[in-house]
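Worksheet: one structure, shown below.
What follows draws every value from the coordinates through simple rules; no lab data is involved. Values in this document were obtained by computation on a predicted structure and should not be read as measured data. Because the Cβ atoms are built from the backbone with ideal geometry, glycine has one as well, and the counts that use them run over all protein chains shown.
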Amino acid sequence: MFLGAHIGIAGGWPEAVAQAREIGCDSMQVFSKSPRSWNGPPIPPDSATAFRAAVARRGIRRVLVHHGYLANLAHPRPDALRQSRAALDDELARAELLGADGLVLHPGAHLGSGPDAGIASIVASLNAAFDRSPGQVRVLLENAAGQGTTLGRSFDELARMIAGVREASRIGVCIDTCHLFASGLDFRSPEAYGERIDEIAGSIGLESVRAFHLNDAQAPLGSHRDRHANIGSGEIGADGFRGWVRDPRWAETPGVLETPLDDRGYALYAEDLGRLREVAAGARPPRRGAPSSNKRPRSERRG
């Protein structure tokens, strides 16, 4: 697996690539603008060119862009849905400019209209976006932890979304391990991991999995709480990632951290990457202490 982390862009686009490599990233994820605003300043073409050149020069193997948090493609209110669809168009264009391999998207929440209506709205939104925005960037639907009326909490729901998209080459899935665990799907033992693989193969298909968010979980299995923890400090434990990071089927798939940061900054990412690589190599790292507090500004938090 191409291991990496979510990196902030406040210092500049090429600088973000340098920061990723300094902590040992083979892949990286960014926001292309503030995730809590509808609009962001345009990415200057020379900045995008510099970013792509830095990615190639420094050997970053995969780049993900995470869509902002405000969009909801399942929104039942027409004006809110139009705004969310416009946001998707903008995010697709920005990801294309940056040469991203995937745009990670939270599918949305039906807000009482029901799963069938919500999934239909998501599918229609994606098809319309791809019709309006030709390109190469693949939208990666992120599985949900199951809170509230969020959609994508099961592989079957994600499969229904994928099946409705006309351009199969532009749709896929990003599996968040914390969300998967919170939704009630265990994978910590070889047997449980095998069951999850069988479920994936029988629903969305293994070929649809194009990225991972590798996050430990603060809350217990089936809690439906989206609370990330550092690798080895949560309920999953470092050894619980063994199946994902050692499976040769994911050898060229990006697996990025969205784990909490404290005053040590990206040095904490480096520790988490080190623990994942120990597990990938067959070691069994000891369990860490309590999860670190997340002191990163809200605008830079990932989910």
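Mind giving me the FRET efficiency for Ser47 and Arg246? R0 is 30 Å, r the Cβ-Cβ distance, nearest 0.05 is fine.
Values: r = 37 Å, r/R0 = 1.24.
Result of the calculation: an efficiency of 0.20.
Nearest 500 deg cm²/dmol is fine: what mean residue ellipticity at 222 nm does the chain get from its DSSP H runs of n ≥ 4 alone, each adding -39,500 (n - 2.57), divided by its residue count? The partial results should precede the final answer.
Working: 9 runs with 111 residues, N = 303.
Only helices count here, giving -11500 deg cm²/dmol.
Within 10 Å, count the other beta carbons around each residue, average over each peptide in 41-51, 271-281, and list them highest first. Don't skip to the answer; put the middle values down first.
On the way: 41-51: 14.3, 271-281: 19.0.
Answer by packing, highest mean first, reads 271-281, 41-51.
Residue by residue through the stretch 244-259, what is 3J(HN,Hα) from phi via Karplus (6.51 cos²θ - 1.76 cosθ + 1.60, θ = phi - 60°)? Round to whole Hz and write x for glycine and proline.
With the stated coefficients, the stretch 244-259 comes to 5, 7, 9, 6, x, 5, 10, 4, 10, 9, x, x, 10, 7, 10, 7 Hz.
In the stretch 199-220, whose amide N lies under 19 Å from the spot 7 Å out along Cα-to-Cβ of Glu191? List them in ranges.
Residues passing the 19 Å test: 199-200.
Just tell me, in residue order, which DSSP H segments of the chain are both 24 angstrom or longer along the helix axis (alpha-carbon based) and at least 1.6 in mean Kyte-Doolittle hydropathy.
Numbers: long enough: 78-98 (30 Å, -0.42); 115-132 (25 Å, 0.57).
None clear 24 Å together with a mean of 1.6.
Simple spin-label model, 7 Å along Cα-to-Cβ: Arg284 to Glu15 in nm?
Taking the two extended label points, one gets 4.4 nm.
Enumerate by residue number the trypsin sites (Lys or Arg not before Pro) in the stretch 159-198 meeting two conditions: DSSP loop (anything except H, G, I, E, B), and at most 16 other Cβ atoms within 10 Å of the site's Cβ.
Values: sites: Arg160, Arg166, Arg170, Arg188, Arg196; in loops: Arg166, Arg188.
Listed in order of number, the matching sites are Arg166.
Suppose the chain between Ala201 and Arg36 were pulled fully straight at 0.36 nm per residue; how much longer would it get relative to their current alpha carbon spacing? Could you put the intermediate results ahead of the total?
Details: separation 165, 0.36 × 165 = 59.40 nm, distance 3.44 nm.
Separation in residues times 0.36 nm, less the Cα-Cα distance, equals 56.0 nm.
Report, by chain and number, residues whose modeled amide H sits under 5 Å from the one on Val104, excluding near sequence neighbours (fewer than 5 apart, same chain).
Val65, His66, His67, Leu140
Would you mind getting me the FRET efficiency between Gln83 and Thr149? Use the beta-carbon distance for r and R0 = 25 Å, nearest 0.05.
Between Gln83 and Thr149 the formula returns 0.85.
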